[in-house]
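Taken together, the values in this text are just the output of simple stated rules run on the coordinates, not laboratory data. Keep in mind the model is a prediction, meaning the values are calculated, not measured. As a convention, Cβ positions derive from the backbone with ideal geometry for all residues, glycine included, and neighbour counts pool all protein chains shown.
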Amino acid sequence: MLAALAATAAQLAADGPAAGLRALPAGAAVALLGWVVFARPRVDVDDTGVLVVNPFTTTHVPWGALIEVRTRYTCTFVTPHRRVEAFAAPGPGRHVAASATAADLRGVGPGAADGRGSVQIGEVPGSSSATVATYVRRRWNDLAEDGLLDLGQAEQTPVRREVDVRALAALGVLVLLAVAAQLV
């Protein structure tokens, strides 16, 4: 966001107020896109389930709908009808993955290994995907052990997904204004 502000200010200083005003919509679009991609995404876990806020969508995965948590490239919540990838919980980068040892993967949380004992590279301890997946699996397991989940109801449990129309519309308007400002 600061880079967008700096670029707009530089345009203003170099070419005057008219140029600064023409640069303003593009700077605002870049700032909004930066916020949407870098600041908005998150994963919230509560008693009702997992809330995955991605750049332009928000998905609520109730505990009863969840059937698996994967970590291949990003932390992914699997339901009978949809897979929800968490933009805020990517797998480890190539340097972490390349330097991971068998010892790193021995201490993974419960549910991380498959039936053969194989572990996805996304389970490397300390990676965002592994941290989120471990927490969600632990919470999910605790709820199941305490009898607070209706097991076998995943097929009928709805997963609510909403598109952030306001962010999309604002970005679209800013891009159109930026293009129009350059044509003037």
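Each residue of the range 145-157 was assigned a 3J(HN,Hα) from its phi angle through the Karplus expression (A = 6.51, B = -1.76, C = 1.60, θ = phi - 60°), giving 5, 7, x, 9, 10, 8, 5, x, 10, 4, 4, 9, 7 Hz with x at Gly and Pro. Using a simple spin-label model with pseudo-atoms 7 Å out from Cα toward Cβ, Leu143 and Ala14 lie 5.3 nm apart. Taking amide H atoms as placed 1.01 Å from N in the peptide plane, the amide H of Val50 lies under 5 Å from those of Val61, Trp63, each 5 or more residues away in sequence or on another chain.
3J(HN,Hα) along the range 70-84: 10, 9, 4, 10, 8, 5, 10, 9, 9, 10, x, 10, 6, 10, 10 Hz, from the Karplus curve 6.51 cos²θ - 1.76 cosθ + 1.60 with θ = phi - 60°, whole Hz, x for Gly and Pro. In order along the range 24-29, the Karplus-derived 3J(HN,Hα) couplings, from 6.51 cos²θ - 1.76 cosθ + 1.60 at θ = phi - 60°, round to 4, x, 5, x, 5, 5 Hz, and Gly and Pro are given as x.
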